[in-house]
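Asks: Have a look at this one.
The values are calculated or read from the model by the stated rules, or taken from the named source; none is laboratory data. Because the structure is predicted, anything quoted here is derived from the model rather than measured. Positions of Cβ are backbone-derived with ideal geometry, glycine not excepted, and every protein chain shown enters the neighbour counts.
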Amino acid sequence: MARTIEELSHTEISELINKRISIFTPDDLTSKLKGELEKTGRYEAIVVGGGKIGMVTIRDLLGVELLEQTKLVKLWKSQWQTPVTSDSWVQGVATELVRINARALPVVEDMKPVGIISQVDIVAAMADCNDLKKTHAKDLAKMGPVTLEVGAKVAEARKLMLDRGISHVPITKDGKLAGIVTAADLVQFFSQGVGKRKTGDLPGEKVTKYPGVVDGIMDKHPFTVSTNASALDVARGLRDQEKSAAVLIDENEGVLGILTPKELLTLIAEPPTEEEMPISIVGLANEEFLARSLAEEKIRKVITLGMKIHPHINDVQVVIKKSDKGGDNERYEMTVRALSPTEQFQTSNAGYDLVKTFDGLMSSLEKEFKEAKHDASKVPRRGRGR
């Protein structure tokens, strides 16, 4: 396994994928999904239907009132996620997880889900990268998180999570950290049928009565780190203690901040940049299985390798045409051009499977790069007049 963040970022996710997956349909009930997740210890599951692949997490169940009467289609419609393949780089997947604020993504091969890659899986690998010692945990933490006192009602914690889109609430007593409540804790509590829903259980409503206080369901042994802790301490603690968050505390055990796997992923994800090489993709519809962001990630992977031989590539164009040849099959014809001031590379591929055809196109482009010898004498010199 990689020993540095740089090595890990360019590692294929095949080594990290969790292949013990649970697959549901949009017509399955949320209660069935919840039961399976509890049995397997996973936080997310794959939903397949209508030619699309998506995901539902325990966090998505937080707003469901009646698990036994609610189908996954009500959660899944707005839960379309970008699928990735087992040869995707860790950096590309981490970038996508951060960009769309997703906990996990389905891993797909030949139009079928074969596994899940999550923030937790990547952070577990980051825990072996010793160079994380150089980064202070406090520089990554979300400072000043909202907290609740131990006597707060369970319904108030749920409302807080729904209103603010969060999954963790530190619980305090007399100004000191006493525990933490997670979305998973609340889903478990509400699904047990404890009491009946009353005013205050829906976002925007005033909290009044609901049996139970957070002291009764919180984790009383939260994972904590001090202001001197490193990112490596956090990554290893999350992995070894199997916690979903770390609470940053001061010398008096007061809550300063919170760190989840997402904060750690920012260390390996590509930072947003306006100077990124332009990639033009024409003909890839939004509803296609292969999402635009995945296509770009695959292209950039090949271009990064190609630029080791041809360092002045500065523009990439991909054209995808779809034709109906009769029957149920659609044929895809693809062409890619990579340009530099002195060189031009072009290759094409065609087939009936979108993903396989695109992967073949990228393999062909990579072969073009390797077979064409770069002539440095043709590269325009800079800093001299004409």
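Asks: Among what's in the range 134-155 and is crowded, with 18+ Cβ neighbours inside 10 Å and over 23 Å from the mean Cα position of the chain (by Cα), pick the residue that is farthest from Gly212 (Cα to Cα).
Replies: Thr147
Asks: Here are some conditions: (1) β-branched (Val, Ile, Thr); (2) modelled with pLDDT under 85; (3) exposed (fewer than 15 other Cβ atoms within 10 Å of the Cβ). Ile281 meets all but one. Which one does it not meet?
Replies: Going through the list (1) β-branched (Val, Ile, Thr); (2) modelled with pLDDT under 85; (3) exposed (fewer than 15 other Cβ atoms within 10 Å of the Cβ), Ile281 breaks only (3).
Asks: Quick test for you: out of Thr57, Thr40, pick the one residue that is within 18 Å of the chain's Cα centre (by Cα) and more than 27 Å from Leu354 (Cα to Cα).
Replies: None of the others qualify; the one that does is Thr57.
Asks: With the range 300-354 as the region, which strands (runs of 3 or more DSSP E) entirely inside it contain at least 3 residues that are assigned by TED's automatic domain parsing to the domain that holds His10 and without any contact (Cβ under 8 Å) to a residue 24 or more places away in the chain?
Replies: The strands (runs of 3 or more DSSP E) meeting that bar number zero.
Asks: Moving to a separate point now. Quick one: which residue in Gly165, Gly179 is farther than 20 Å from Ser31 by Cα and free of Cβ contacts under 8 Å to residues at least 12 places away in the same chain?
Replies: Unique residue meeting the criteria: Gly165.
Asks: Checking the conditions here, which among Glu270, Glu274 is part of a loop (DSSP other than H, G, I, E, B), outside the structural domain of Leu97 (by TED's automatic domain parsing), within 19 Å of Gly92 (Cα to Cα) and modelled with pLDDT of 85 or more?
Replies: Details: Glu274 fails: modelled with pLDDT of 85 or more.
The conditions single out Glu270.
Asks: For the range 174-182, check the following and say yes or no: at least one residue is within 24 Å of Asp215 (Cβ to Cβ) and in a loop (DSSP other than H, G, I, E, B).
Replies: yes
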